[in-house]
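See below for the structure under consideration.
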Amino acid sequence: MKVRVQLFSHLRNLAGASQLDVELAEGATVADLLTELYQRFPVLRAHDKAILTGAGMEFVDRAHKLHAAEEIAVMPPVQGG
C-alpha cells in the first residue's frame, strides 16, 4: 500500500523533500514507516526520540496501523509562544 508522508521543519530540510510517497506492506504501522524513512534518509534517525507523527488532524503513536492513501505528518516537537 502507498501512504503519503509530509515532512516538516528541519526534518524536511534534512530529507530534502517536503512530501513523498512510501510503499509499505499491508498492515504496516507508523513504526514501519519510520524504519523505511530512516533507511532512505539515515540522517533522520538521529531525531527519532523527538519525532512526532500525525494522521489527519490527530497525533498518532508508532503502533498506529496505516491505511492505503493515508497522509502521515512527520514533525519535530511543536513549539509555541
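The values are calculated or read from the model by the stated rules, or taken from the named source; none is laboratory data. Every value quoted in this text rests on a predicted model; they were computed, and no experiment measured them. Neighbour counts run over all protein chains shown; Cβ positions are idealised from the backbone, glycine included. Remember, those area values only see protein heavy atoms, side chains included, never the ligands or the DNA or RNA. Shrake-Rupley method; radii C 1.70, N 1.55, O 1.52, S 1.80 Å.
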Verdict on A17 being loosely packed, with under 11 Cβ neighbours inside 10 Å, at negative phi and at pLDDT 95 or above
no
The conditions are (1) at positive phi; (2) in contact with a helix residue (DSSP H, G or I) (Cβ under 9 Å, 6 or more places away or on another chain), and G27 fails exactly one of them. Which is it?
(2)
Show the residue pairs that are 6+ apart or on different chains and have beta-carbon atoms under 6 Å apart, the first residue being within the stretch 70-81 and closer than 25 Å to M1 by Cα and modelled with pLDDT of 90 or more, the second being in a strand (DSSP E or B) and open to solvent by 20 Å² or more (accessible area, probe 1.4 Å).
E71/R4; A73/Q6; M75/L52
Please go through the stretch 37-81 and give me each residue that is of a type in the set (D, E) and surrounded by fewer than 16 Cβ atoms within 10 Å (Cβ to Cβ), ordered by number.
D48, E58, D61, E71
